[in-house]
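Read the structure below first, then the notes.
The values are calculated or read from the model by the stated rules, or taken from the named source; none is laboratory data. Note that the coordinates shown come from a computational prediction; the quantities given were computed from them, not determined experimentally. Positions of Cβ are backbone-derived with ideal geometry, glycine not excepted, and every protein chain shown enters the neighbour counts.
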Amino acid sequence: MLAALGVVLIMTGIVWYTADRLIGMGRVGDATFIYTSIVGLFVVSRFVLAAGYRAPAEMGLEPTITIIVPVFNEGVSVLRTIDACLDPDYPADRLRIICVDDGSTDDTWIHLRDAAARHPEQVLAVALGSNRGKRAAMAEGVRRSDSEILVVIDSDSEPLPGGIRRIVQPFADPRIGAVAGLTHARNADVNALTRMQATRYYVSFQLLKAAESALGAVSCCSGCFSAYRRSVVEPLLEDWEHQRFLGADCTYGDDRALTNMVIRAGHRSVYHAGAVALTDVPVEYLSFFRQQLRWKKSWLRESPILLSHIWRSRPLAFPVVLLSTLAGLLSPIVLIGSLVIAPLVFGVVPVVYVSGLLLVALAYGLFHRALMDDRRWVWTVVGTLFYIAFSGQMFWAMARIRDGRWGTRAA
């Protein structure tokens, strides 16, 4: 971690050393300098905050839990999720699972019904009757629950043993309204794409969410595996389920939107690195880019909303959120300006910009290597550059932000 921080500090030094040259290149140089400085500060802040992160302690807490699993066309694989949720490490009489079938057209309902018949005291299968979207399925699960804690798990995810117990421990603090668990890619070694996603997931959780957790403001409690205090969610449910943006129904970004509302209501959101789940990531590039488009649209919608209230709901987190938002918005602009406009129009070779990207990627790679010796840290470096390379997709996300289609489903 110290080595990674050192790399970032070196990058920041290079930026300041060449500031006079960059500013002399005109507006493209100014933008590059400003952006690289923002990214440098952003990355450094993440390392500093994450260095102080500690996973929540075991408090012996055993609240009543309802695990909500929204399901669409998962077939027999949904049983793997249900079986994993029946964690023997948690008291059976305090754990309930509600699987909500969002109008599946395959044999998913048959498997849900069979699971409910095998575990009548713990598993409830609910059919919406038609495809109404993930938010409607989750909202139905919330309305049918009377537990203290709601755990949300995607139908292609599974918590590891002990994950359910761990993810509820932070709720011993009455200020906490939401908790995000750590998600690993279950199919990490299929190809280069899945390896890059696996390392991206790990760094995103262990560095970015850990840093946000130190401020009590995790901006997105992932739908793969997260938990909420039911008394916090219930007053927000109607607005969240029927959220609209620019006149269109919000059908994507349900996890980021709900987390945002929890923070705005004055509650803390934190991360638990010991509550682990597995999920499947896209193995084909087309599905991956569709997923990323959906996530970018969600980020574009929710980031300004978060900025509008974080200054009063979690004031200490405001500078970090501001840096994160500016870095994300400037990234595609500076990418095109530095790699296309600067060389073609001004004849400038983007040495500083490319060096900065390489050093940030290396910092993330060293961070991964420090925490996990799984020989994938090189993919962290490659993956960071890969994700930056298609940051221009942000422009397409802006143009399609009102498009509510799911994007990764064949339909």
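Below are the figures for this structure:
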item	result
Residue in segment 171-184 that is in contact with a Phe, Trp or Tyr (Cβ under 8 Å, 6 or more places away or on another chain), under 17 Å from residue 66 (Cβ atoms), among the polar types (S, T, N, Q) and not in a loop (DSSP other than H, G, I, E, B) present	no
Residue pairs meeting the criteria (Cβ under 7 Å; at least 6 apart or on separate chains; first under 22 Å from residue 296 (Cβ atoms), in segment 327-353; second surrounded by fewer than 15 Cβ atoms within 10 Å (Cβ to Cβ) and among the aromatic types (Phe, Trp, Tyr))	332/395
Residue match in segment 270-277 (condition: modelled with pLDDT of 90 or more and farther than 21 Å from residue 182 by Cβ)	no
Identity of the residue in segment 84-95, in contact with an Asp or Glu (Cβ under 8 Å, 6 or more places away or on another chain) and touching a residue at least 60 places away in the same chain (Cβ under 8 Å), that ends up farthest from residue 153 (Cα to Cα)	90
Residue count, segment 258-289 (criterion: buried (at least 22 other Cβ atoms within 10 Å of the Cβ), part of a helix (DSSP H, G or I) and either of a type in the set (S, T, N, Q) or within 13 Å of the chain's Cα centre (by Cα) (or both))	3
Some residue of segment 210-219 being surrounded by fewer than 23 Cβ atoms within 10 Å (Cβ to Cβ) and part of a helix (DSSP H, G or I)	yes
Qualifying residue in segment 130-146 (condition: touching a Phe, Trp or Tyr at 6+ places or on another chain (Cβ under 6 Å) and of a type outside the set (S, T, N, Q))	no
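Okay, residues lined up against (1) β-branched (Val, Ile, Thr); (2) farther than 16 Å from residue 44 by Cα; (3) touching a Ser or Thr at 6+ places or on another chain (Cβ under 7 Å); (4) not in a loop (DSSP other than H, G, I, E, B):
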| position | (1), (2), (3), (4) |
| --- | --- |
| 336 | yes, yes, no, yes |
| 339 | no, yes, no, yes |
| 342 | no, yes, no, yes |
| 345 | yes, yes, no, yes |
| 349 | yes, yes, no, no |
| 352 | yes, yes, yes, yes |
